[in-house]
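S.K.: Below is the structure I would like to discuss, written out as structure tokens.
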Amino acid sequence: MNGKFLKPYDPKENEEAIYASWEKSGYFNPDNLPARHKKPFTVIMPPPNANGSLHTGHAVFVTIEDLIIRYKRMRGYKTLWLPGADHAGFETQVVYEKQLEKEGRTRFGMDPMKLRDEILAFTLANKSFMENQLRQLGASCDWSREKFTLDREIIDIVYQTFKKMNDDGLVYRSQKSINWCTKHQTSLSELETISEERIDPLYYMKYGPFVLATVRPETKFGDTAIAVNPKDKRYKNWIGKVIEFEGLIGPVKLKVIGDDYVDQEFGTGVVKITPAHDPNDFLVAQRHNLPVVEVIDQYGKLNDRCGKYAGMKVEEARKQVAIDLEKKGMLEKVEQNYKHAVKKCYKCERILEPRILPQWFVKMKPLTEPAIKYIKNGKIVFYPEHYKKIMLHWLNNIEDWNVSRQIVWGIPIPAWYKGNKIHIGEEAPDDGWKKETDTFDTWFSSGQWPFATLGYPNHSDYKKFYPTQVMETAGEIIFFWVARMIMLGLYRTGKLPFNVVYLHGIVTARDSKKMSKSRGNIISPIVLTDKYGTDALRMGLIIGNTPGTTTALYEEKIKAYKHFANKIWNVARFVLENTNGMGSKKGTLDKKDTKLKKELMALLKEVTDDMENFRFYLAGEKLYHYLWHTFADKILEESKSIFQGNDDKAKMSRRKVLYEMLLLQLKALHPFVPFVTEAIWSLLPEKKNLLMIEEWPIK
RNA sequence: GCGCGCGUAGCUCAGCUGGUUAGAGUGCGUCGUUGACAUCGACGAGGUCCCCUGUUCGAAUCAGGGCGCGCGCACCA
């Protein structure tokens with residue numbers, strides 16, 4: 001027996017070399033797999049954001065996807081797990097801005113090209129760092145096919161999609177009310193906002209003959225009309241008339257319009273229309289051809305249209321306006337406990353300002369319709385299944401997608417302007433065109449990831465590996481990413497990009513709270529692998545992780561699975577010691593041992609069933625339990641007395657069965673704990689292939 | 001306001017289509033092991049399966065209601 005077994009299993013000593021041997025074998029690449037691997041099986045890796053180190057969320061998806069891929073590889077599929085990295089536009093720019101702040105610098109005023117180059121260098125450094133961490137977690141992905149969202153061939157495909165959408169009338173550039181972050185100086189899509197309930201004062205202001213209610217008196221300088229409901233008997237005679245009164249900074253003249261948007265029951269039934277700073281008012285303004293007067297600038301300060309209030313921040317101006325209205329007797333009353341919702345930036349949690357800016361939008365209805373049809377017909381299976389409902393609900397209530405961001409870090413929107421003319425393309429058609437400076441929402445490119453990474457439409461990989469089989473990711477990004485991949489995949493290729501969506505549970509800290517820097521409860525997966533070994537971490541992330549729920553991760557749990565890895569090691573040691581290096585030589589099993597083996601095979605059948613049905617947490621637990629509490633505690637214990645006895649036939653049979661059962665369990669456990677099983681495999685007396693490409697015990 | 005999920009041993013969680021004394025890991029107690037196991041083994045204590053009503057021969061599991069927690073969506077100024 002190999003002397004290595006005399007020590008406990010040491011992950012540190014083994015893991016790096018084992019990973020290197022896998023990588024060197026070339027079997028991560030489906031093209032190099034032996035001939036029995038015929039049918040393609042593809043998983044596209046959710047590309048981690050290349051702006052920091054891996055967190056537990058990454059560790060979960062790596063573990064589960066690697067588990068799926070290793071299992072399918074052993075079952076004889078031509079498995080491709082395609083890794084990638086995301087430039088993660090806004091996310092990365094925010095991270096980099098924080099770094100700049102620490103250095104006492106700011107992105108504003110910087111040469112955009114220089115800023116872009118700096119972030120690129122930052123991203124590429126993080127990218128290679130992150131790739132090594134993926135290796136450390138045991139990811140058996142095909143590095144030769146790795147893609148980055150800013151690779152030229154990816155950008156080309158993204159541009160083709162944009163062009164096609166333009167030709168099909170699915171994109172448009174238009175002035176609309178958008179969500180503007182005054183810190184980050186960019187617009188955001190609906191998904192990048194969080195809405196928060198707030199209690200604020202509701203101010204009842206006198207407007208000439210009317211009294212009207214508002215939470216934002218400071219926007220009054222941008223009013224361009226007064227609106228009432230046309231059915232409202234109190235006011236309908238006013239419609240079409242112009243009211244005049246003395247405001248805070250001079251005389252005010254406003255037209256009264258009638259619009260169904262106004263709710264007679266709310267407040268006084270009279271609304272001031274401020275198109276520049278309220279999305280609903282903007283819609284009203286469009287219906288009535290009202291002018292749009294901006295009074296709040298991009299930094300959230302009142303501009304020079306606001307007289308003495310110019311330069312004040314919104315909150316400050318609100319208070320001051322209220323005080324001055326009071327003084328002038330124009331404030332009828334204030335309701336203090338008005339409950340309403342405000343939208344905030346999901347990154348800095350500042351209140352977003354609605355602003356009217358020209359932006360690029362994607363029309364969603366034509367994209368959602370086919371997606372809804374496929375999902376309704378069950379062409380995509382969701383784990384857990386209730387996400388089907390959630391997805392349909394979202395798709396049915398979607399708004400057009402703002403894809404332009406006013407940041408440098410991203411794929412530039414390929415557009416040019418000359419007067420009223422717009423040209424789509426990377427190059428200007430001739431002289432005198434002005435280039436678009438906005439970049440795409442990062443999800444516009446990652447939403448095309450499955451077919452873009454495979455080289456749609458002509459690459460042989462696309463033909464062989466698309467559609468992919470499973471999309472495994474976090475439930476949190478189902479709308480950001482999964483929904484868009486479905487829509488854009490259908491749009492470009494006419495096929496669903498995958499037919500299974502598996503959404504793993506979010507990993508929380510022990511107290512079931514989300515891990516976050518501010519809570520200080522972050523556990524680094526890399527620290528855990530260093531301490532307890534990757535196999536232990538993987539088991540800890542698989543067992544107890546049911547799709548769609550949260551899973552608490554804590555150190556004792558991982559420690560327990562380190563013991564399990566060591567248990568496997570010692571079980572193997574015992575078996576090899578007592579079988580005298582016999583390997584799988586011929587011989588016959590007696591009745592009792594035949595039965596033992598049969599029982600194991602029955603369990604492996606169950607495990608296979610669980611794997612096929614995405615019940616990884618059950619499969620892992622069953623294998624764990626069998627090895628420890630049946631194989632080790634019962635069978636090995638009983639074998640001790642057989643080996644000490646005089647029945648040579650029984651000894652021969654037992655040797656053979658233990659060895660065979662060990663091999664079976666190593667195979668079945670490999671996808672879960674690849675390192676320790678491969679380490680043991682390499683120490684077997686017979687010369688063998690890598691365990692990684694052995695056949696799964698059940699057909 | 002609408003929607004989704006969760007509530008099972010001290011802690012973290014399983015329990016798939018309802019079926020014998022409700023499970024695992026961890027923690028706790030007792031005893032034993034140091035020639036597979038920087039340990040491990042055996043045994044044990046510990047649960048009104050949130051509450052109520054119902055369906056059923058039978059419910060932690062299904063239906064209705066309630067309480068508690070978490071999350072998503074939502075333009076009423």
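The values are calculated or read from the model by the stated rules, or taken from the named source; none is laboratory data. All figures in this text were calculated on a predicted structure; none of them were measured in a lab. For neighbour counting, all protein chains shown are included, and Cβ atoms are generated from backbone atoms with ideal geometry for every residue, glycine included. Each accessible area value is taken on the protein alone, full model and side chains, heavy atoms only, with ligands, DNA and RNA left out. Shrake-Rupley method; radii C 1.70, N 1.55, O 1.52, S 1.80 Å.
S.K.: What are the residues in the stretch A:464-488 that are more than 25 Å from A:GLU612 (Cα to Cα) and more than 16 Å from RNA strand B (Cβ to nearest atom), if any?
M.R.: A:MET487, A:LEU488
S.K.: Go through the stretch A:10-26 and report how many residues are under 19 Å from A:ALA536 (Cβ atoms), over 30 Å from the mean Cα position of the chain (by Cα) and open to solvent by 20 Å² or more (accessible area, probe 1.4 Å).
M.R.: 4
S.K.: Additional query: I'm checking my understanding of the structure. Among residues of the stretch A:383-434 that are among the basic types (Lys, Arg) and touching a strand residue (DSSP E or B) at 6+ places or on another chain (Cβ under 6 Å), which one is farthest from RNA strand B (Cβ to nearest atom)?
M.R.: Going residue by residue through the stretch A:383-434, those that are among the basic types (Lys, Arg) are A:388-389, A:405, A:418, A:421, A:434.
Right, trim to touching a strand residue (DSSP E or B) at 6+ places or on another chain (Cβ under 6 Å) and you get A:388, A:405, A:434.
Values: A:LYS388: 10, A:ARG405: 18, A:LYS434: 33 Å.
Looking at residues that are among the basic types (Lys, Arg) and touching a strand residue (DSSP E or B) at 6+ places or on another chain (Cβ under 6 Å), I get A:LYS434.
S.K.: Just checking, which of A:MET487, A:MET471 is buried (at least 18 other Cβ atoms within 10 Å of the Cβ) and over 22 Å from A:LYS39 (Cα atoms)?
M.R.: Criteria check complete, one pass: A:MET487.
S.K.: Where in the stretch A:544-645 are there helices (runs of 4 or more DSSP H), lying fully within it, with 3 or more residues that are over 25 Å from A:GLU695 (Cβ atoms), open to solvent by 50 Å² or more (accessible area, probe 1.4 Å) and more than 8 Å from RNA strand B (Cβ to nearest atom)?
M.R.: Working: elements: A:555-579, A:591-612, A:616-625, A:637-644.
Correct list: A:637-644.
S.K.: Looking at the stretch A:263-282, is at least one residue over 43 Å from the mean Cα position of the chain (by Cα) and within 23 Å of A:ILE323 (Cβ to Cβ)?
M.R.: Yes, there is a match, as at least one residue in the stretch A:263-282 is over 43 Å from the mean Cα position of the chain (by Cα) and within 23 Å of A:ILE323 (Cβ to Cβ).
S.K.: Let me ask something else about it. Could we say that A:TYR462 is open to solvent by 10 Å² or more (accessible area, probe 1.4 Å), modelled with pLDDT of 95 or more and either assigned to a strand (DSSP E or B) or in contact with a strand residue (DSSP E or B) (Cβ under 7 Å, 6 or more places away or on another chain) (or both) here?
M.R.: Judged against the criteria, A:TYR462 is not a match.
S.K.: Would you pick out the residues in the stretch A:677-699 that are crowded, with 23+ Cβ neighbours inside 10 Å and either over 29 Å from A:ALA35 (Cβ atoms) or among the hydroxyl-bearing types (Ser, Thr, Tyr) (or both)?
M.R.: A:THR677
S.K.: Which residues, taken from the stretch A:9-42, are under 26 Å from A:ILE568 (Cβ atoms) and among the β-branched types (Val, Ile, Thr)?
M.R.: A:ILE18
S.K.: For the stretch A:259-301, give me each residue that is in a loop (DSSP other than H, G, I, E, B), touching a residue at least 40 places away in the same chain (Cβ under 8 Å), more than 10 Å from RNA strand B (Cβ to nearest atom) and of a type outside the set (A, V, I, L, M, F, W, C).
M.R.: Of the stretch A:259-301, the ones in a loop (DSSP other than H, G, I, E, B) are A:259-269, A:274, A:278, A:289-295, A:297-300.
Checking the rest, the ones that are also touching a residue at least 40 places away in the same chain (Cβ under 8 Å) come to A:266-269, A:274, A:278, A:290-295, A:298-300.
Okay, now just the ones that are also more than 10 Å from RNA strand B (Cβ to nearest atom), so A:290-295, A:298-300.
The answer is A:PRO291, A:GLU294, A:GLN298, A:TYR299, A:GLY300.
S.K.: Same structure, new question: I want to confirm something. Restricting to the stretch A:524-543 and keeping residues that are more than 12 Å from RNA strand B (Cβ to nearest atom) and either farther than 22 Å from A:GLU16 by Cβ or of a type in the set (Ser, Thr, Tyr) (or both), which single residue is nearest to the chain's Cα centre (by Cα)?
M.R.: So, considering only residues that are more than 12 Å from RNA strand B (Cβ to nearest atom) and either farther than 22 Å from A:GLU16 by Cβ or of a type in the set (Ser, Thr, Tyr) (or both), the one nearest to the chain's Cα centre (by Cα) is A:SER524.
S.K.: Now for a separate question. Restricted to the stretch A:362-408, and to residues that are closer than 17 Å to A:ILE478 by Cβ and among the hydroxyl-bearing types (Ser, Thr, Tyr), which residue is most open to solvent (accessible area, probe 1.4 Å)?
M.R.: A:TYR374
S.K.: Given the residues A:ALA139, A:ALA88, which is the only one that is touching a Pro at 6+ places or on another chain (Cβ under 9 Å), among the hydrophobic types (A, V, I, L, M, F, W, C) and on the phi > 0 side of the Ramachandran plot?
M.R.: The match here is A:ALA88.
S.K.: Any idea how many residues of the stretch A:337-355 are charged (D, E, K, R) and within 13 Å of RNA strand B (Cβ to nearest atom)? Steps first, answer last, please.
M.R.: The first filter runs over the stretch A:337-355 and keeps only residues charged (D, E, K, R), leaving A:339, A:343-344, A:347, A:349-350, A:353, A:355.
The next check asks that each one be within 13 Å of RNA strand B (Cβ to nearest atom); those that pass are A:339, A:343-344, A:349.
So the answer is 4.
S.K.: Still on this structure, please answer the following. Would you confirm whether any residue within the stretch A:71-81 is open to solvent by 50 Å² or more (accessible area, probe 1.4 Å), touching a helix residue (DSSP H, G or I) at 6+ places or on another chain (Cβ under 9 Å) and without any contact (Cβ under 8 Å) to a residue 24 or more places away in the chain?
M.R.: no
S.K.: Test A:ASP31 against the stated conditions and say whether it is assigned to a helix (DSSP H, G or I), among the acidic types (Asp, Glu) and open to solvent by less than 10 Å² (accessible area, probe 1.4 Å).
M.R.: When the stated conditions are applied, A:ASP31 does not pass them.
S.K.: Look through the stretch A:506-542, keep the residues that are in a helix (DSSP H, G or I) and open to solvent by 10 Å² or more (accessible area, probe 1.4 Å), and return whichever of them is nearest to A:GLY620 (Cα to Cα). It would help to see each step written out before you state the result.
M.R.: In the first step, residues of the stretch A:506-542 are kept if they are in a helix (DSSP H, G or I); the result is A:525-532, A:534-542.
Among the residues that remain, those that are also open to solvent by 10 Å² or more (accessible area, probe 1.4 Å) are: A:526-527, A:530-532.
On the way: A:ILE526: 22, A:VAL527: 23, A:ASP530: 22, A:LYS531: 22, A:TYR532: 18 Å.
In this case the residue turns out to be A:TYR532.
S.K.: Okay, moving on. For the stretch A:409-438, which residues satisfy the criterion of being open to solvent by less than 30 Å² (accessible area, probe 1.4 Å) and either assigned to a loop (DSSP other than H, G, I, E, B) or touching a Leu at 6+ places or on another chain (Cβ under 9 Å) (or both)?
M.R.: Taking the stretch A:409-438 first, the residues open to solvent by less than 30 Å² (accessible area, probe 1.4 Å) are A:409-411, A:413-415, A:424-425, A:436, A:438.
Matches in the stretch A:409-438: A:TRP409, A:GLY410, A:ILE411, A:ILE413, A:PRO414, A:GLY425, A:GLU436, A:ASP438.
S.K.: Is it fair to say A:PRO251 is exposed (fewer than 15 other Cβ atoms within 10 Å of the Cβ), more than 14 Å from RNA strand B (Cβ to nearest atom) and within 16 Å of A:ILE356 (Cα to Cα)? Full working, then the answer.
M.R.: Values: exposed (fewer than 15 other Cβ atoms within 10 Å of the Cβ): yes; more than 14 Å from RNA strand B (Cβ to nearest atom): yes; within 16 Å of A:ILE356 (Cα to Cα): no.
In short, no.
S.K.: With the requirement that a residue be over 22 Å from A:PHE210 (Cα atoms) and either open to solvent by less than 80 Å² (accessible area, probe 1.4 Å) or under 40 Å from the mean Cα position of the chain (by Cα) (or both), what does the stretch A:293-305 give you?
M.R.: If the condition is that a residue be over 22 Å from A:PHE210 (Cα atoms) and either open to solvent by less than 80 Å² (accessible area, probe 1.4 Å) or under 40 Å from the mean Cα position of the chain (by Cα) (or both), then A:GLU294, A:VAL295, A:ILE296, A:ASP297, A:GLN298, A:TYR299, A:GLY300, A:LYS301, A:LEU302, A:ASN303 are the ones that fit.
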